[in-house]
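*Asks:* A single structure is presented below for examination.
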Amino acid sequence: MDPPFQEKYKSLFNDYTIVSKDKDYSLMNANDECELPLIDLQRLTLEYPEREQCVEEIKQAASEWGFLQVVNHGIPQEMLKSLQYEQRKAFQHPFRKKAEDNILNLSANSYRWGNPRATCLRQLAWSEAFHVPLTDISRIGDAYKSLSASIEAFTTTANALAKGVAEILAENLGVSSTFFEENCPEETSYLRMNRYPPCPFSSEVFGLIPHTDSSFLTVLNQDQIGGLQLLKNGRWINVKPNPEALVINIGDLFQALSNDVYKSIKHRVLAPQQVERFSLAFFYCPTYETVIESSIKPSKYKEFTFREFMMQIQRDLKATGDKVGVSRFLL
């Protein structure tokens, strides 16, 4: 069932002296554990001053942490559990069927594992994923009707959640009140189902390498195994899982749109040593023609389209194996 990591990346495991000298590599330097700011979104339905206090807490968490947790978010626990169950079934197929037979009938290269561009262990991701553009949901074969139904139900509600939070964060930034409605139709976002197999080299390999997200917002549902870390004030911090909450984090596009009012924070996932870990991420994205431009002047970023942004990421990955991100568009 597991991808052949050791066979595929044998040369990297034979020589990881470069990695050991990388100050960002250490997996053991996250001694602190935090609980992200927890926000009850039901307060948004209340009258003054409760609603205004909730709005300010959302903005403060996004500004100070780039991450927040939300409860009463409108996505039923039964829906999340159903999708988690279907997700586990999809990953339980033999590796060959996942990698070669396209069992879910998704677009090419939707099943991903490791990092084919890795030149050292620091760039290797000990994980596998199904990358599902929302336009692909209808392609999922009849044998997986329950999976496609669960994905469709989740993405519809996750899209509404992301849109609502995005509109709150955009208040007072000079962004049009209709910006997200006009530029982020549901079909332009995507879902990523992640599995992190047990890793005998968990002290040397990441489950998911340090990165920022190429979205406006990401909505994350994770199990209770733990392993998510974020970089705050130069230190890696363990994020304590909350079984009742979803995690929302700021992506690169919102950092540029807000002129750094909100930051897209670098985060990573540790490789579990003995048990498998699952997570599910919904990436709230615009159309490729959407122009990202800060209304706060002077702007720190030149304007760019989402297409230009994604093309630059691919060039950087091809050249270096790493994503550079939004700093490429600094003035």
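The values are calculated or read from the model by the stated rules, or taken from the named source; none is laboratory data. None of these values were measured; they are calculated from a predicted model. Cβ atoms come from the backbone with ideal geometry, glycine included; neighbour counts cover every protein chain shown.
*Asks:* If you go through the stretch 195-218 one residue at a time, how many are crowded, with 17+ Cβ neighbours inside 10 Å and more than 10 Å from the chain's Cα centre (by Cα)?
*Replies:* The number of residues fulfilling the criteria is 13.
*Asks:* If you don't mind, another one. Which one is modelled with the lowest pLDDT, of the residues in the stretch 15-66 that are among the small types (G, A, S), under 24 Å from I250 (Cβ atoms) and assigned to a loop (DSSP other than H, G, I, E, B)?
*Replies:* The qualifying residue modelled with the lowest pLDDT is A30.
*Asks:* Does the stretch 45-101 hold any residues that are under 18 Å from E167 (Cα atoms), of a type in the set (K, R) and without any contact (Cβ under 8 Å) to a residue 24 or more places away in the chain, and which are they?
*Replies:* Within the stretch 45-101, just R51 meets the criteria.
*Asks:* Another question, then. If you check K323 against the conditions, is it surrounded by fewer than 20 Cβ atoms within 10 Å (Cβ to Cβ), farther than 21 Å from T157 by Cα, under 17 Å from the mean Cα position of the chain (by Cα) and modelled with pLDDT under 95?
*Replies:* yes
*Asks:* Limited to the stretch 221-238, what total is found for residues that are outside any strand (DSSP E or B) and either under 30 Å from S295 (Cα atoms) or of a type in the set (A, V, I, L, M, F, W, C) (or both)?
*Replies:* Residues that pass the stated criteria total 3.
*Asks:* Tell me, which residue of the stretch 92-117 that is in contact with a strand residue (DSSP E or B) (Cβ under 8 Å, 6 or more places away or on another chain) and assigned to a helix (DSSP H, G or I) is farthest from D142 (Cα to Cα)?
*Replies:* A99
*Asks:* Could you check the stretch 67-91 and list, in sequence order, the residues that are on the phi < 0 side of the Ramachandran plot and outside any helix (DSSP H, G or I)?
*Replies:* F67, L68, Q69, V70, V71, H73, I75, P76
*Asks:* Of the residues N221, N249, N259, only one is surrounded by 16 or more Cβ atoms within 10 Å (Cβ to Cβ), in contact with a strand residue (DSSP E or B) (Cβ under 8 Å, 6 or more places away or on another chain), at positive phi and modelled with pLDDT of 95 or more; which?
*Replies:* N259
*Asks:* Filtering the stretch 227-245 down to residues that are without any contact (Cβ under 8 Å) to a residue 40 or more places away in the chain and either closer than 14 Å to Q69 by Cβ or within 17 Å of the chain's Cα centre (by Cα) (or both), which residue is surrounded by the fewest Cβ atoms within 10 Å (Cβ to Cβ)?
*Replies:* From the stretch 227-245, those without any contact (Cβ under 8 Å) to a residue 40 or more places away in the chain are 231, 233-234, 241, 243; that's our starting set.
From the residues that got through so far, the ones that are either closer than 14 Å to Q69 by Cβ or within 17 Å of the chain's Cα centre (by Cα) (or both) too are 231, 241, 243.
Details: L231: 17, P241: 18, P243: 8.
Here the answer is P243.
*Asks:* Look through A271, A281 and report the one residue that is touching a Leu at 6+ places or on another chain (Cβ under 7 Å), farther than 18 Å from A61 by Cα and among the small types (G, A, S).
*Replies:* Unique residue meeting the criteria: A281.
*Asks:* Look through the stretch 43-66, keep the residues that are within 24 Å of the chain's Cα centre (by Cα) and polar (S, T, N, Q), and return whichever of them is surrounded by the fewest Cβ atoms within 10 Å (Cβ to Cβ).
*Replies:* Checking each candidate, the answer is Q60.
*Asks:* Enumerate the pairs (first residue in the stretch 299-322 and over 12 Å from S214 (Cα atoms); second residue anywhere and of a type in the set (F, W, Y) and surrounded by 13 or more Cβ atoms within 10 Å (Cβ to Cβ)) with beta-carbon separation below 6 Å, excluding pairs fewer than 6 apart on the same chain, so at least 6 apart or on different chains.
*Replies:* Y301/F329; K302/F329; F304/F329
*Asks:* Among (1) buried (at least 22 other Cβ atoms within 10 Å of the Cβ); (2) modelled with pLDDT of 95 or more; (3) under 19 Å from A125 (Cβ atoms); (4) of a type in the set (A, V, I, L, M, F, W, C), there is one condition L270 misses while meeting the rest; what is its number?
*Replies:* Evaluating L270 over (1) buried (at least 22 other Cβ atoms within 10 Å of the Cβ); (2) modelled with pLDDT of 95 or more; (3) under 19 Å from A125 (Cβ atoms); (4) of a type in the set (A, V, I, L, M, F, W, C) leaves (2) as the failure.
Each row is one residue, and each column tells you yes or no for (1) hydrophobic (A, V, I, L, M, F, W, C); (2) under 16 Å from I209 (Cβ atoms).
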site: N233; (1), (2): no, no
site: L246; (1), (2): yes, no
site: L253; (1), (2): yes, no
site: A256; (1), (2): yes, no
site: K266; (1), (2): no, yes
site: V275; (1), (2): yes, no
site: S279; (1), (2): no, yes
